[in-house]
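Asks: So that we are looking at the same thing, I have put the structure below in C-alpha coordinates.
The values are calculated or read from the model by the stated rules, or taken from the named source; none is laboratory data. The structure displayed is predicted, hence computed values, not measured ones. Heads up, the Cβs are rebuilt from the backbone with ideal geometry, glycines too, and the neighbour counts pull from every protein chain shown. SASA here: full protein model, heavy atoms, side chains in, ligands and nucleic acids out. Shrake-Rupley method; radii C 1.70, N 1.55, O 1.52, S 1.80 Å.
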Amino acid sequence: MKTENEQLLVPEELVKTLRRQRYHLVGRHSAVKRCRWLYESLINDRVCYKQKFYGIKSHQCIQMSPTAFYCTMRCLFCWRAQSGDLGIKWEELKLPEKWDSPEEIVEGCIKAQLEILSGYKGNPKTNMKKYAEALHPKHVAISLIGEPTLYEPLGELIHEFHKRGFTTFLVSNGTLPKALSKLSEEPTQLYISLYGPDEKTFKKISRPQIPKAWERINQTLEMLNSFKCPTVIRITLVRNLNMKNPELYAKLIEKANSTYVEPKAYMHVGFSRLRLKYENMPTHSEIRNFAEELAKETEYKIIDESKESRVVLLSSLEKPIKFS
(Lines give C-alpha, C1' and ligand atoms only; values in the text may rest on other atoms or scores of the structure.)
Protein backbone atom coordinates (compact mmCIF):
# COMPACT_ATOMS: atom_id res chain seq x y z
CA MET A 1 0.00 0.00 0.00
CA LYS A 2 1.29 3.46 -0.91
CA THR A 3 1.83 5.96 1.85
CA GLU A 4 0.14 9.37 1.67
CA ASN A 5 3.35 11.09 0.62
CA GLU A 6 4.02 8.51 -2.13
CA GLN A 7 0.53 9.22 -3.41
CA LEU A 8 1.36 12.93 -3.33
CA LEU A 9 4.47 12.27 -5.44
CA VAL A 10 6.36 14.83 -3.37
CA PRO A 11 8.91 14.53 -0.56
CA GLU A 12 7.76 14.37 3.04
CA GLU A 13 10.00 17.38 3.79
CA LEU A 14 7.93 19.49 1.38
CA VAL A 15 4.67 18.46 3.03
CA LYS A 16 6.10 19.33 6.47
CA THR A 17 7.40 22.68 5.20
CA LEU A 18 4.06 23.65 3.71
CA ARG A 19 2.23 22.68 6.87
CA ARG A 20 4.65 24.79 8.92
CA GLN A 21 3.75 27.66 6.63
CA ARG A 22 0.10 27.01 7.46
CA TYR A 23 -0.98 25.46 4.22
CA HIS A 24 -3.90 23.10 4.75
CA LEU A 25 -3.41 20.18 2.38
CA VAL A 26 -6.61 18.83 0.84
CA GLY A 27 -6.52 15.30 -0.51
CA ARG A 28 -3.40 14.37 -2.48
CA HIS A 29 -2.68 17.51 -4.48
CA SER A 30 -4.82 20.47 -3.38
CA ALA A 31 -4.28 23.11 -0.71
CA VAL A 32 -5.95 26.00 1.10
CA LYS A 33 -4.16 28.83 2.88
CA ARG A 34 -5.45 31.70 4.91
CA CYS A 35 -5.24 34.91 2.93
CA ARG A 36 -3.77 37.88 4.75
CA TRP A 37 -6.93 39.81 3.92
CA LEU A 38 -9.15 37.30 5.69
CA TYR A 39 -7.35 38.27 8.90
CA GLU A 40 -7.42 41.97 8.05
CA SER A 41 -11.13 41.88 7.34
CA LEU A 42 -12.07 40.01 10.52
CA ILE A 43 -9.71 41.86 12.88
CA ASN A 44 -9.05 45.31 11.40
CA ASP A 45 -12.02 45.81 9.06
CA ARG A 46 -9.68 46.26 6.07
CA VAL A 47 -10.38 44.50 2.80
CA CYS A 48 -8.43 43.40 -0.25
CA TYR A 49 -8.61 44.92 -3.70
CA LYS A 50 -10.90 42.13 -4.96
CA GLN A 51 -13.59 43.43 -2.62
CA LYS A 52 -12.88 47.06 -3.51
CA PHE A 53 -12.90 46.38 -7.25
CA TYR A 54 -15.29 43.44 -7.70
CA GLY A 55 -17.32 43.08 -4.49
CA ILE A 56 -15.67 39.80 -3.43
CA LYS A 57 -15.94 39.85 0.36
CA SER A 58 -12.52 39.11 1.86
CA HIS A 59 -13.89 37.33 4.93
CA GLN A 60 -15.96 34.94 2.79
CA CYS A 61 -13.25 34.04 0.28
CA ILE A 62 -11.32 30.75 0.12
CA GLN A 63 -7.81 30.87 -1.36
CA MET A 64 -7.02 27.46 -2.85
CA SER A 65 -5.26 25.45 -5.53
CA PRO A 66 -6.08 22.03 -7.02
CA THR A 67 -2.43 21.68 -8.13
CA ALA A 68 -0.36 22.68 -5.12
CA PHE A 69 2.82 20.88 -6.24
CA TYR A 70 2.67 21.26 -10.00
CA CYS A 71 3.39 24.12 -12.39
CA THR A 72 4.58 24.81 -15.93
CA MET A 73 6.70 27.74 -14.74
CA ARG A 74 9.29 28.54 -12.08
CA CYS A 75 8.68 32.28 -11.84
CA LEU A 76 11.23 34.31 -9.94
CA PHE A 77 8.54 36.30 -8.14
CA CYS A 78 6.33 33.35 -7.15
CA TRP A 79 5.77 32.79 -3.45
CA ARG A 80 5.34 29.02 -3.87
CA ALA A 81 7.99 26.45 -3.02
CA GLN A 82 9.78 25.32 -6.18
CA SER A 83 11.83 22.18 -6.66
CA GLY A 84 15.28 22.87 -5.25
CA ASP A 85 14.17 25.43 -2.68
CA LEU A 86 15.59 24.59 0.75
CA GLY A 87 17.23 21.56 -0.85
CA ILE A 88 13.88 19.84 -1.47
CA LYS A 89 13.44 18.42 -4.98
CA TRP A 90 10.54 16.80 -6.82
CA GLU A 91 9.21 16.51 -10.37
CA GLU A 92 6.89 19.50 -10.81
CA LEU A 93 5.38 18.11 -14.02
CA LYS A 94 4.96 14.50 -12.87
CA LEU A 95 1.20 14.65 -12.41
CA PRO A 96 -0.96 12.18 -10.46
CA GLU A 97 -2.14 9.15 -12.44
CA LYS A 98 -5.57 9.76 -10.94
CA TRP A 99 -6.85 13.15 -9.79
CA ASP A 100 -8.96 13.68 -6.68
CA SER A 101 -12.57 14.33 -7.66
CA PRO A 102 -13.98 17.89 -7.77
CA GLU A 103 -16.50 16.95 -5.08
CA GLU A 104 -13.73 15.77 -2.73
CA ILE A 105 -11.71 18.93 -3.33
CA VAL A 106 -14.62 21.33 -2.78
CA GLU A 107 -15.70 19.60 0.44
CA GLY A 108 -12.10 19.46 1.64
CA CYS A 109 -11.54 23.16 0.91
CA ILE A 110 -14.65 24.22 2.80
CA LYS A 111 -13.62 22.03 5.74
CA ALA A 112 -10.10 23.52 5.70
CA GLN A 113 -11.48 27.06 5.63
CA LEU A 114 -13.66 26.36 8.65
CA GLU A 115 -10.61 24.98 10.48
CA ILE A 116 -8.75 28.21 9.66
CA LEU A 117 -11.66 30.28 10.95
CA SER A 118 -11.93 28.36 14.23
CA GLY A 119 -9.00 30.30 15.65
CA TYR A 120 -10.86 33.60 15.39
CA LYS A 121 -13.84 32.67 17.53
CA GLY A 122 -12.07 33.38 20.81
CA ASN A 123 -10.24 36.49 19.64
CA PRO A 124 -11.76 39.58 21.34
CA LYS A 125 -10.76 41.68 18.31
CA THR A 126 -12.77 39.57 15.87
CA ASN A 127 -15.77 41.23 14.22
CA MET A 128 -18.34 38.62 15.21
CA LYS A 129 -20.87 39.67 12.58
CA LYS A 130 -18.26 39.12 9.88
CA TYR A 131 -17.15 35.91 11.59
CA ALA A 132 -20.69 34.51 11.39
CA GLU A 133 -20.75 35.38 7.68
CA ALA A 134 -17.29 33.89 7.17
CA LEU A 135 -18.57 30.50 8.33
CA HIS A 136 -20.53 30.47 5.08
CA PRO A 137 -17.89 31.16 2.41
CA LYS A 138 -19.21 32.21 -0.98
CA HIS A 139 -16.15 33.09 -3.05
CA VAL A 140 -13.13 31.04 -4.11
CA ALA A 141 -9.86 32.25 -5.62
CA ILE A 142 -8.35 29.34 -7.57
CA SER A 143 -4.95 30.94 -7.45
CA LEU A 144 -2.93 29.96 -4.43
CA ILE A 145 0.07 28.05 -5.83
CA GLY A 146 0.72 25.91 -8.89
CA GLU A 147 -0.98 26.09 -12.31
CA PRO A 148 -4.66 25.12 -11.95
CA THR A 149 -5.18 24.26 -15.64
CA LEU A 150 -2.97 21.20 -15.08
CA TYR A 151 -5.91 19.77 -13.10
CA GLU A 152 -7.81 17.95 -15.84
CA PRO A 153 -11.39 18.18 -14.49
CA LEU A 154 -11.04 21.94 -13.80
CA GLY A 155 -14.36 22.82 -15.45
CA GLU A 156 -16.08 20.28 -13.23
CA LEU A 157 -14.37 21.76 -10.17
CA ILE A 158 -15.64 25.20 -11.13
CA HIS A 159 -19.12 23.71 -11.58
CA GLU A 160 -19.00 22.12 -8.13
CA PHE A 161 -18.20 25.47 -6.54
CA HIS A 162 -20.92 27.21 -8.57
CA LYS A 163 -23.42 24.51 -7.57
CA ARG A 164 -22.81 25.50 -3.94
CA GLY A 165 -23.39 29.19 -4.68
CA PHE A 166 -19.72 30.25 -4.92
CA THR A 167 -18.23 32.76 -7.31
CA THR A 168 -14.96 31.53 -8.83
CA PHE A 169 -11.92 33.62 -9.72
CA LEU A 170 -9.54 31.49 -11.78
CA VAL A 171 -5.92 32.63 -12.17
CA SER A 172 -3.82 30.95 -14.87
CA ASN A 173 -0.38 31.57 -16.35
CA GLY A 174 -1.89 30.96 -19.80
CA THR A 175 0.58 28.31 -20.93
CA LEU A 176 -2.10 25.66 -21.50
CA PRO A 177 -4.51 27.31 -23.96
CA LYS A 178 -6.08 23.97 -24.94
CA ALA A 179 -7.07 23.31 -21.33
CA LEU A 180 -8.68 26.75 -21.08
CA SER A 181 -10.50 26.30 -24.40
CA LYS A 182 -11.93 22.96 -23.24
CA LEU A 183 -13.32 24.15 -19.90
CA SER A 184 -16.76 22.60 -19.47
CA GLU A 185 -17.78 25.60 -17.37
CA GLU A 186 -16.30 29.09 -17.28
CA PRO A 187 -15.27 30.72 -14.01
CA THR A 188 -17.00 33.84 -12.73
CA GLN A 189 -13.88 35.77 -13.72
CA LEU A 190 -10.73 34.64 -15.51
CA TYR A 191 -7.26 36.06 -14.83
CA ILE A 192 -4.33 35.50 -17.18
CA SER A 193 -0.92 36.42 -15.78
CA LEU A 194 1.48 38.23 -18.10
CA TYR A 195 5.12 38.21 -17.08
CA GLY A 196 6.90 40.30 -19.68
CA PRO A 197 6.44 42.50 -22.74
CA ASP A 198 8.65 40.32 -24.95
CA GLU A 199 9.86 36.75 -25.17
CA LYS A 200 13.31 37.40 -23.71
CA THR A 201 11.96 39.12 -20.59
CA PHE A 202 9.17 36.57 -20.29
CA LYS A 203 11.60 33.66 -20.26
CA LYS A 204 13.99 35.36 -17.86
CA ILE A 205 11.34 35.99 -15.24
CA SER A 206 9.06 32.94 -15.70
CA ARG A 207 11.66 30.22 -16.41
CA PRO A 208 9.17 27.98 -18.28
CA GLN A 209 9.39 24.22 -17.85
CA ILE A 210 7.53 23.43 -21.07
CA PRO A 211 8.43 24.20 -24.70
CA LYS A 212 6.96 27.14 -26.66
CA ALA A 213 5.61 28.82 -23.51
CA TRP A 214 5.70 32.28 -25.11
CA GLU A 215 3.78 31.03 -28.15
CA ARG A 216 1.29 29.31 -25.88
CA ILE A 217 0.53 32.41 -23.82
CA ASN A 218 0.06 34.40 -27.02
CA GLN A 219 -2.47 31.78 -28.14
CA THR A 220 -4.28 32.25 -24.83
CA LEU A 221 -4.31 36.03 -25.25
CA GLU A 222 -5.75 35.65 -28.76
CA MET A 223 -8.63 33.50 -27.54
CA LEU A 224 -9.38 35.51 -24.38
CA ASN A 225 -12.05 37.56 -26.11
CA SER A 226 -14.05 34.36 -26.75
CA PHE A 227 -14.85 33.95 -23.04
CA LYS A 228 -18.25 35.14 -21.89
CA CYS A 229 -17.06 35.86 -18.34
CA PRO A 230 -15.10 39.02 -17.47
CA THR A 231 -11.39 38.58 -18.18
CA VAL A 232 -8.31 40.17 -16.64
CA ILE A 233 -4.70 40.49 -17.73
CA ARG A 234 -2.62 40.67 -14.57
CA ILE A 235 0.86 42.10 -14.98
CA THR A 236 3.01 41.36 -11.93
CA LEU A 237 5.68 44.05 -12.09
CA VAL A 238 9.16 43.53 -10.66
CA ARG A 239 11.51 46.49 -10.37
CA ASN A 240 14.61 46.12 -12.57
CA LEU A 241 13.14 43.12 -14.41
CA ASN A 242 9.89 43.68 -16.31
CA MET A 243 8.78 47.26 -15.54
CA LYS A 244 9.62 48.46 -19.03
CA ASN A 245 8.29 48.86 -22.57
CA PRO A 246 4.64 49.71 -21.84
CA GLU A 247 4.14 50.03 -25.60
CA LEU A 248 4.93 46.31 -26.02
CA TYR A 249 2.61 45.35 -23.18
CA ALA A 250 -0.02 47.48 -24.96
CA LYS A 251 0.22 45.33 -28.10
CA LEU A 252 -0.39 42.18 -26.05
CA ILE A 253 -3.30 43.84 -24.25
CA GLU A 254 -4.77 44.90 -27.58
CA LYS A 255 -4.50 41.31 -28.82
CA ALA A 256 -6.40 39.99 -25.79
CA ASN A 257 -9.07 42.71 -25.56
CA SER A 258 -9.62 41.72 -21.91
CA THR A 259 -12.27 43.33 -19.74
CA TYR A 260 -9.62 44.60 -17.32
CA VAL A 261 -5.90 45.05 -16.95
CA GLU A 262 -4.31 44.90 -13.48
CA PRO A 263 -0.72 46.12 -13.15
CA LYS A 264 0.29 44.86 -9.69
CA ALA A 265 3.47 45.06 -7.65
CA TYR A 266 5.58 42.01 -6.89
CA MET A 267 5.43 41.42 -3.14
CA HIS A 268 8.53 40.21 -1.31
CA VAL A 269 6.90 37.25 0.45
CA GLY A 270 7.14 33.47 0.68
CA PHE A 271 9.78 31.59 -1.26
CA SER A 272 10.29 34.50 -3.67
CA ARG A 273 12.62 35.88 -1.02
CA LEU A 274 15.10 33.16 -2.01
CA ARG A 275 15.17 34.50 -5.59
CA LEU A 276 14.58 38.24 -5.44
CA LYS A 277 15.50 41.14 -3.19
CA TYR A 278 13.29 43.52 -1.21
CA GLU A 279 14.46 46.24 -3.60
CA ASN A 280 12.71 44.42 -6.47
CA MET A 281 9.32 45.35 -4.94
CA PRO A 282 7.85 48.46 -6.59
CA THR A 283 6.01 51.17 -4.69
CA HIS A 284 2.40 51.93 -5.43
CA SER A 285 3.38 55.23 -7.04
CA GLU A 286 5.59 53.29 -9.49
CA ILE A 287 2.68 50.99 -10.32
CA ARG A 288 0.40 53.99 -10.78
CA ASN A 289 2.90 55.63 -13.12
CA PHE A 290 3.22 52.44 -15.16
CA ALA A 291 -0.58 52.15 -15.34
CA GLU A 292 -0.75 55.70 -16.66
CA GLU A 293 1.75 54.77 -19.38
CA LEU A 294 -0.40 51.75 -20.31
CA ALA A 295 -3.46 53.99 -20.46
CA LYS A 296 -1.66 56.31 -22.90
CA GLU A 297 -0.77 53.36 -25.13
CA THR A 298 -4.21 51.70 -25.09
CA GLU A 299 -7.91 52.52 -25.07
CA TYR A 300 -8.09 51.52 -21.42
CA LYS A 301 -8.34 54.05 -18.61
CA ILE A 302 -7.70 53.89 -14.87
CA ILE A 303 -10.98 53.26 -13.05
CA ASP A 304 -9.77 52.25 -9.57
CA GLU A 305 -6.70 51.47 -7.48
CA SER A 306 -5.71 49.96 -4.14
CA LYS A 307 -2.66 51.47 -2.47
CA GLU A 308 -2.56 48.73 0.19
CA SER A 309 -2.25 45.99 -2.46
CA ARG A 310 -0.19 48.15 -4.85
CA VAL A 311 -2.51 47.46 -7.77
CA VAL A 312 -4.29 49.64 -10.34
CA LEU A 313 -7.38 48.68 -12.36
CA LEU A 314 -7.72 49.69 -15.99
CA SER A 315 -10.73 49.03 -18.20
CA SER A 316 -12.75 50.39 -21.08
CA LEU A 317 -15.75 50.12 -18.72
CA GLU A 318 -16.75 53.12 -16.63
CA LYS A 319 -16.82 50.98 -13.48
CA PRO A 320 -16.05 47.32 -12.72
CA ILE A 321 -18.66 44.56 -12.66
CA LYS A 322 -19.32 43.70 -9.00
CA PHE A 323 -20.39 40.32 -7.61
CA SER A 324 -22.17 39.75 -4.32
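Asks: Provide the per residue accessible area, probe 1.4 Å, for the range 157-264, rounded to a whole number of square angstrom.
Replies: Accessible area per residue, the range 157-264: 40 Å².
Asks: Just check the range 202-254 against the gyration tensor rule for me: Cα atoms, a ≥ b ≥ c as the square roots of the eigenvalues, rounded for a/c under 1.5, and otherwise prolate or oblate depending on whether a/b exceeds b/c.
Replies: It is oblate, given that a/c is not under 1.5 and a/b is not larger than b/c.
Asks: Once the principal axes of the Cα atoms of the range 1-149 are found, what is the range along each, listed largest first in whole angstroms?
Replies: Each principal axis gives a Cα extent; for the range 1-149 these are 45, 35, 26 Å.
Asks: What number does the range 58-104 give for Rg over Rh if you use C-alpha atoms and the Kirkwood radius?
Replies: My calculation of the ratio gives 1.03.
Asks: For a label point 7 angstrom out from the Cα of Lys307 toward its Cβ, which stretches of the range 12-47 have the backbone nitrogen within less than 20 Å?
Replies: Taking a point 7 Å out along Cα→Cβ of Lys307, the residues of the range 12-47 whose backbone N falls under 20 Å are 37, 40-41, 44-47.
Asks: Working out 0.36 nm times the residue gap between Glu247 and Lys178, then minus their Cα-Cα distance, what length gain in nm do you get to one decimal?
Replies: Length gained, Glu247 through Lys178: 22.0 nm.
Asks: Would you kindly state how much longer the chain becomes between Lys212 and Lys89 on full extension, computed as 0.36 nm times their sequence separation minus their alpha carbon distance, in nm to one decimal?
Replies: 41.9 nm
Asks: Using label points projected 7 Å from each Cα along Cα→Cβ, tell me how many nm separate Arg20 and Lys319, to one decimal.
Replies: 4.8
Asks: Any idea what diffusion coefficient the range 219-321 gets from Stokes-Einstein, in µm²/s, Kirkwood Rh on alpha carbon pairs, 25 °C, 0.890 mPa s?
Replies: Stokes-Einstein gives a translational diffusion coefficient of 173 µm²/s.
Asks: For the range 83-144, what value does the Rg/Rh ratio take when both radii are computed over Cα atoms and Rh is the Kirkwood radius, given to two decimals?
Replies: With Rh from the inverse mean 1/r over Cα pairs, Rg/Rh is 1.14.
Asks: Run the quick spin-label model on Glu152 and Met223: label points 7 Å from Cα toward the beta carbon, then report their separation in nm to one decimal.
Replies: 1.8
Asks: Choose one of Tyr131, Ser143, Trp90: the residue whose Cα lies farthest towards the positive end of the charge dipole of the range 88-150 (beta-carbon charges +1 Lys, Arg; -1 Asp, Glu; about the Cα centre).
Replies: Tyr131
Asks: Could you list, bin by bin from short to long, the percent of Cα-Cα pairs of the chain in 20 Å steps?
Replies: Over the chain, the share of Cα pairs per 20 Å bin runs 32, 62, 6, 0 percent.
Asks: How much length is gained on full extension from Ala132 to Leu114, taking 0.36 nm per residue of separation minus their Cα-Cα distance?
Replies: Net length gain for the segment: 5.4 nm.
Asks: May I pose another question? Are any of the pairs Lys182/Lys264; Lys33/Lys138; Lys251/Lys277; Lys264/Lys319 more than 25 Å apart by Cα-Cα distance, and if so, which?
Replies: Violating the 25 Å limit, Cα to Cα: Lys182/Lys264; Lys251/Lys277.
Asks: For the chain, give me every cysteine whose Cβ has no other Cys Cβ within less than 4.7 Å, ordered by residue number.
Replies: Cys35, Cys48, Cys61, Cys71, Cys109, Cys229
Asks: Rg and Dmax in Å for the range 65-185, alpha carbons only: what are they?
Replies: Computed over the Cα atoms of the range 65-185, radius of gyration and Dmax are 16.4, 49 Å.
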